[in-house]
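Colleague: What follows is a structure written as structure tokens; I'll ask about it next.
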Amino acid sequence: DTAVSQTPKYLVTQMGNDKSIKCEQNLGHDTMYWYKQDSKKFLKIMFSYNNKELIINETVPNRFSPKSPDKAHLNLHINSLELGDSAVYFCASRFTGGSSGANVLTFGAGSRLTVL
Amino acid sequence: QKEVEQNSGPLSVPEGAIASLNCTYSDRGSQSFFWYRQYSGKSPELIMFIYSNGDKEDGRFTAQLNKASQYVSLLIRDSQPSDSATYLCAVNLGGTSYGKLTFGQGTILTVHP
């Protein structure tokens, strides 16, 4: 069973379009994240939700809007796509309670977005 | 100064050698430190985490933490070609809540037969 699953895995689209990426986790975690990995492999946090509440909102263009309908799901909608948005977007989750050893971040497989 | 800094490499070691990967971080109040491995085209996977000063061993991997020097390292003993990947250091800078991890730029490791 996939623990953190993202769809779609690949997304190719034109500049100016709007697209969404979806993420679901079945680990029982209470916190979910979106990370962006650019062409230089630098992994940078974008957003985080804890039990449907936005808790981390980094300096990201407001064309990016996350939504979390429940603690198992986190979606990312991107408006007016630009060339610079091309990257791999990783969803991740973790459980913030319990022992420290349990609080590790688990990543999804990534969604590769290419903007033409 | 970058918040979490790694030597991007590439680091090349022969099979069977010890690979040493280093990471420094900016916030002295940081509490949690993680090493992730990322194969090309794949997602990061956790190798080890460390919270206390000193060494932590898990199989061929040893994480070393020195909070006074703001330095964390990963040693890979008996390196194998299958260890060839990008290694990402991640830090919960300043012990921020909700586990926000800041990643270094990664070190590319190549283990040659």
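Colleague: Please compute the modelled spin-label separation between residue B:20 and residue A:20, points set 7 Å along Cα→Cβ, answer in nm with one decimal.
Modeller: The modelled label-to-label distance comes out at 5.1 nm.
Colleague: With springs only between Cα atoms under 10 Å, which of A:65, A:39, A:20 fluctuates most in a Gaussian network model of chain A?
Modeller: Between A:65, A:39, A:20, it is A:39 that shows the largest mean-square fluctuation.
Colleague: When a footprinting reagent is the concern and you count Cβ atoms within 10 Å, what order do A:10, B:51, A:35 take, fewest first?
Modeller: Arranged by neighbour count, lowest to highest, A:10, B:51, A:35 become A:10, B:51, A:35.
Colleague: Based on Cβ point charges of +1 for Lys and Arg and -1 for Asp and Glu, what charge dipole magnitude is obtained for chain B about its Cα centre, in debye rounded to the nearest 20?
Modeller: For this selection, approximately 220 debye.
Colleague: State to the nearest 20 debye the size of the charge dipole of the protein assembly as shown about its Cα centre, where the only charges are +1 on K and R beta carbons and -1 on D and E beta carbons.
Modeller: 300
Colleague: Here is a follow-up. Hey, fewest Cβ within 10 Å first, where do A:9, A:19 land in order?
Modeller: A:9, A:19
Colleague: If neighbour count is taken as other Cβ atoms inside 10 Å, put B:112, A:73, A:29 in order from fewest to most.
Modeller: Result, fewest neighbours first: B:112, A:73, A:29.
Colleague: In addition: What is the sum of charges around residue B:36, taking Lys and Arg as +1, Asp and Glu as -1, for the other residues whose C-beta is under 12 Å from the C-beta of residue B:36?
Modeller: +2
Colleague: Taking the Cα centre as origin and putting +1 on Lys and Arg beta-carbons and -1 on Asp and Glu beta-carbons, what dipole magnitude results for the stretch B:10-60, to the nearest 20 debye?
Modeller: 120
Colleague: Is the stretch B:38-99 best put as rounded, prolate or oblate by its Cα gyration tensor, with a ≥ b ≥ c the root eigenvalues, rounded for a/c under 1.5, and otherwise prolate when a/b is larger than b/c, oblate when not?
Modeller: oblate
We did not get these values from a lab; they are worked out from the coordinates using the rules stated. Bear in mind that the values here come from a model prediction, so they are computed numbers and not experimental data. No Cβ is skipped: glycine too gets one built from the backbone with ideal geometry, and neighbour counts run over all protein chains shown.
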